[in-house]
Amino acid sequence: MSYDIVDEAKKQTYKFLLRKGRKTMSMYYLMWGLYSLSLSVSVPLLYSLIPQFYVLLFILILMFLPNYYTAKIFYVSIRSYLLLYTNSITAERKFRKNYVKSYIIRSIITYLVVLLSYFFKPLLFLFIIASIPLFIVVERNLYRYLFVKEFRIARGKYYDKIAIYTLNLIPVMLAFFYLYYISENTIFYFTSIAIGYIFGILWLIFFALSMTDLVEVDKDE
């Protein structure tokens, strides 16, 4: 009888974590959608008002929130798994410490590389090349944590799959921006901005769909 109670408690806890995961996914879509649209709208205006370096600083500062939610989405899932299934506070604390340290180091490296690329253009090219396998890894992990793994962030939906595939637009957008950066050809620039608009609008749609699913689940319960 006690085992049945424990199993039922775990099932109810997992349902709660799935709702929490869907909320995290919703914010994930919202943050990156708003970030992409904000840049597409503001960057052309800022380029006409202030030096390029300060525009770059603005882009990096604005990146903080979506970057944070990208890290949080995996942190929430793995931490919840450790607490629910391994029942190890020590393992959870160790994971939290290592994850936070890794997040800080990766963020510092990313920000430094982008800033230094302003003074050394080939560095920006290397950053864009390196971003391709990075996004492949992100896409693969998102797919696993939404559709494959036994313990998931949230129950994966069709729009989650589309969102994962549209992540490929970001390296493409960066590539066009780099081409503009080295050639100053406005065709590359406006192509990059257009991709930013498309990505932003799509991800705001995914946010709306995700929130709708969340509301429907709450109504059913």
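Data for the structure
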read-out: Equivalent ellipsoid semi-axes - Cα gyration tensor, segment 138-221, angstrom; value: 33, 15, 6
read-out: Mean separation of Cα contacts under 8 Å (6+ apart) over length of segment 171-221, as relative contact order %; value: 27 percent
read-out: Average accessible area per residue (Å²) across the chain - probe 1.4 Å, nucleic acids and ligands excluded; value: 59 Å²
read-out: Angle between the chain longest axis and helix 186-220 axis [Cα atoms, degrees, rounded to 10]; value: 20 degrees
read-out: Taking all pairs of distinct alpha-carbon atoms in segment 138-181, Kirkwood radius in angstrom; value: 11.6 Å
read-out: Principal-axis tilt of helix 2-47 within the chain, Cα atoms, nearest 10 degrees; value: 10 degrees
read-out: 3J(HN,Hα) from dihedral phi, segment 152-161, Karplus parametrisation 6.51/-1.76/1.60, rounded to Hz, x for glycine, proline; value: 10, 5, 7, 6, x, 10, 4, 6, 5, 4
read-out: Largest-first ellipsoid semi-axes for segment 39-125, taking √(5λ) over the Cα gyration tensor eigenvalues, angstrom; value: 36, 15, 8
read-out: Ranked by how many other beta carbons lie within 10 Å on average, peptides 63-76, 197-210 from highest; value: 197-210, 63-76
read-out: Percent RCO, i.e. relative contact order, over segment 37-176, from Cα pairs under 8 Å lying at least 6 residues apart; value: 18 percent
read-out: Filtered GluC sites (Glu not before Pro), segment 78-174: DSSP coil and at most 16 other beta carbons within 10 Å; value: Glu150
read-out: Crossing angle, helix 121-143 versus the chain [Cα axis fit, 0-90 degrees, rounded to tens]; value: 20 degrees
read-out: Hits among lysines - C-alpha to C-alpha of Lys15 under 30 Å, sequence gap 8 or more where chains match; value: Lys23, Lys72, Lys94, Lys97, Lys101, Lys149, Lys157, Lys161, Lys219
read-out: Share of carbon and sulfur in the accessible heavy-atom surface of the chain [1.4 Å probe, %]; value: 69 percent
read-out: Derived scalar couplings ³J(HN,Hα) [segment 112-119; Karplus, 6.51 cos²θ - 1.76 cosθ + 1.60; whole Hz; x for Gly, Pro]; value: 5, 4, 5, 5, 5, 5, 5, 9
read-out: Whole-number D in µm² s⁻¹ for segment 35-187, Kirkwood Cα-pair radius fed into Stokes-Einstein, 25 °C, 0.890 mPa s; value: 139 µm²/s
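The values are calculated or read from the model by the stated rules, or taken from the named source; none is laboratory data. Keep in mind it's a predicted model, so treat the numbers as computed, not measured. Note that each Cβ is placed from the backbone with ideal geometry, even for glycine, and that neighbours are counted across all protein chains shown. Quick note on the areas: whole protein, heavy atoms, side chains included, nothing else; ligands and nucleic acids left out. Shrake-Rupley method; radii C 1.70, N 1.55, O 1.52, S 1.80 Å.
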